[in-house]
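Trainee: Please see the structure below; I have some questions.
The values are calculated or read from the model by the stated rules, or taken from the named source; none is laboratory data. Keep in mind the model is a prediction, meaning the values are calculated, not measured. Using ideal geometry, Cβ is built from the backbone for each residue, glycine included, and neighbour counts are taken over all protein chains shown.
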Amino acid sequence: MNDRLGGLLPPVLPNRVSVLSVHTSPLEQPGTGDAGGMNVYIVQTALRMAGRGVDVEIFTRATSSELPPTVEMAPGVLVRHVAAGPFEGLGKNDLPGQLCAFTAGVLRAEARHDPGYYDVVHSHYWLSGQVGWLARDRWGVPLVHSAHTLARVKNTALAEGDPPEPMVRMIGEDQVVAEADRLVGNTETEARQLVELYGADPCRIVTIPPGVDLNRFTPGDRTAARAALGIAPDDVVLAFVGRIQPLKAPDVLLRAAAELLRRDPDLRSRLVVLVAGGPSGSGLTEPTALQSLGAALGLTGSDGVLRFLPPQSGSALADVYRAADVVAVPSYNESFGLVALEAQACGTPVVAAGVGGLPVAVADGRSGLLVPGHGAEQWADALARVALVPGRRDELGAGAVEHARDFSWERTTDALLATYAEVGAEFAARQPAGVLAELIDS
């Protein structure tokens with residue numbers, strides 16, 4: 001690295017990182033609304049950065065007049081609520097019109113401090129990237145950007161009835177990709193998509209897989225976890241965890257369960273389909289659609305197998321994973337799939353769609369199974385091969401724990417901090433000679 005920069009400024013860790021998360025707050029409960037894996041990513045990496053002595057300030061849009069301007073999430077991690085537009089009633093597609101107001105709030109917060117208060121800006125999702133691009137130019141610091149999802153990728157694999165991502169997002173993503181000093185991809189697949197679909201410079205892309213909290217998500221007592229949920233020890237439990245929307249495809253699990261019951265009606269007395277999450281995205285237009293589908297498929301009623309839980313967190317979420325024979329992740333697109341990692345860390349095999357980052361999150365044949373499509377019969381086949389064959393379920397469960405150990409938030413955080421240091425040194429070396437001399441003297 002020093003040779004590439006002429007030995008001028010060796011990479012050093014930042015003192016303070018500005019994290020931008022316009023459309024969803026890290027304080028919100030994942031599993032409903034717009035809160036999901038990105039929230040988990042921001043929270044987990046911010047906490048670990050603070051533990052390494054790096055201060056983190058997270059800017060997010062205020063969604064209630066009752067929210068305080070700042071909230072200390074933990075020592076060294078501050079959440080700033082920025083007023084931008086009405087407090088409620090705005091979806092992601094409404095937020096581009098509020099980016100000027102949000103940017104103004106971010107710049108005002110920095111203006112209260114001496115120049116150089118932040119060392120790097122890390123934006124999450126394209127809306128935040130638009131703000132980060134301007135903050136980078138105003139503050140004279142590098143911009144690191146994580147897309148989390150990409151419009152052009154999503155539009156190639158839409159669920160039935162799911163509207164395509166709008167042109168304004170694709171244009172916005174093009175701009176952010178062109179401006180960011182470093183792009184963080186979750187997998188090599190995402191890195192390749194950034195190059196092929198957005199013309200990104202490969203030299204400005206770094207691949208950093210997300211992690212899993214290996215202290216919270218651990219193998220545990222499955223019988224106790226089932227008792228906490230009112231599930232019998234010998235039941236066959238298929239679980240879905242996440243936001244209820246067409247993109248995440250929980251309907252695929254319901255249709256597969258109905259197919260299993262068609263094949264073996266006696267299974268009904270011990271089959272449980274557990275759905276933990278809340279409506280989100282386009283799923284908000286018909287918030288009870290999944291319940292209606294369950295009724296139409298014959299999964300409800302006095303002896304119904306379909307059970308709904310609100311979004312879970314902490315030990316309650318871990319118990320959902322532990323109680324399941326298999327966790328289904330049938331999404332049409334996932335940049336990675338944190339639910340898959342969390343379930344596997346708890347010793348539960350995963351059956352997932354073979355899309356996006358899921359082939360990295362799930363080791364096919366070792367920690368779970370990948371399904372090449374979304375048909376009810378092929379999903380019923382895959383679920384049966386795991387959930388209805390105890391020996392195979394146990395074998396995959398052991399492989400799941402082993403596979404999950406390859407991922408941790410500590411490793412993700414270390415890689416991010418190394419990226420900040422590297423891009424900071426590169427950015428400083430590109431500055432005019434006078435500015436560079438001041439940086440060296442400081």
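Trainee: Go through 209, 219, 246 for me and flag whichever is buried (at least 16 other Cβ atoms within 10 Å of the Cβ), at pLDDT below 95, of a type outside the set (Gly, Ala, Ser) and under 22 Å from residue 352 (Cβ atoms).
Mentor: Values: 209 fails: at pLDDT below 95; 219 fails: at pLDDT below 95.
That would be 246, the only listed residue that is buried (at least 16 other Cβ atoms within 10 Å of the Cβ), at pLDDT below 95, of a type outside the set (Gly, Ala, Ser) and under 22 Å from residue 352 (Cβ atoms).
Trainee: Looking at 254, 260, can you tell me which residue is assigned to a helix (DSSP H, G or I), without any contact (Cβ under 8 Å) to a residue 60 or more places away in the chain and more than 22 Å from the chain's Cα centre (by Cα)? Working first, answer last.
Mentor: Working: 260 fails: without any contact (Cβ under 8 Å) to a residue 60 or more places away in the chain.
254 is the lone residue from the list that is assigned to a helix (DSSP H, G or I), without any contact (Cβ under 8 Å) to a residue 60 or more places away in the chain and more than 22 Å from the chain's Cα centre (by Cα).
Trainee: Which residue is surrounded by the fewest Cβ atoms within 10 Å (Cβ to Cβ), if the candidates are limited to region 112-128 and must be in contact (Cβ under 8 Å) with a residue 60 or more places away in the chain and part of a helix (DSSP H, G or I)?
Mentor: 127
Trainee: Limited to region 109-131, what total is found for residues that are at pLDDT 95 or above and either more than 25 Å from residue 200 (Cα to Cα) or over 25 Å from the mean Cα position of the chain (by Cα) (or both)?
Mentor: 2
Trainee: What single numbered condition from (1) surrounded by 15 or more Cβ atoms within 10 Å (Cβ to Cβ); (2) touching a Lys or Arg at 6+ places or on another chain (Cβ under 8 Å); (3) under 30 Å from residue 410 (Cα atoms) fails to hold for residue 70?
Mentor: (1)
Trainee: Now, a different point. Which of the following residues is farther than 21 Å from residue 41 by Cα and touching a Leu at 6+ places or on another chain (Cβ under 6 Å): 364, 325?
Mentor: The unique qualifying residue is 364.
Trainee: Considering only region 213-240, state which residues are among the polar types (S, T, N, Q), under 28 Å from the mean Cα position of the chain (by Cα) and farther than 15 Å from residue 343 by Cβ. Please lay out each step first, then the result.
Mentor: The first filter runs over region 213-240 and keeps only residues among the polar types (S, T, N, Q), leaving 215, 218, 223.
Still in the running and under 28 Å from the mean Cα position of the chain (by Cα): 215, 218.
Correct list: 215 only.
Trainee: Before we move on, is residue 268 surrounded by 17 or more Cβ atoms within 10 Å (Cβ to Cβ) and either touching a residue at least 12 places away in the same chain (Cβ under 8 Å) or in contact with a helix residue (DSSP H, G or I) (Cβ under 9 Å, 6 or more places away or on another chain) (or both)?
Mentor: Working: surrounded by 17 or more Cβ atoms within 10 Å (Cβ to Cβ): no; either touching a residue at least 12 places away in the same chain (Cβ under 8 Å) or in contact with a helix residue (DSSP H, G or I) (Cβ under 9 Å, 6 or more places away or on another chain) (or both): yes.
Criteria not met by residue 268.
Trainee: Something else now. Which residues, counting only those in region 132-167, are among the aliphatic types (A, V, I, L, M), at pLDDT below 95 and either part of a strand (DSSP E or B) or surrounded by fewer than 17 Cβ atoms within 10 Å (Cβ to Cβ) (or both)?
Mentor: If the condition is that a residue be among the aliphatic types (A, V, I, L, M), at pLDDT below 95 and either part of a strand (DSSP E or B) or surrounded by fewer than 17 Cβ atoms within 10 Å (Cβ to Cβ) (or both), then 157, 158 are the ones that fit.
Trainee: Oh, and also: From (1) among the hydrophobic types (A, V, I, L, M, F, W, C); (2) within 30 Å of residue 13 (Cβ to Cβ); (3) part of a helix (DSSP H, G or I); (4) outside the structural domain of residue 192 (by the TED database), pick out the condition that doesn't hold for residue 336.
Mentor: The one condition residue 336 does not meet is (3).
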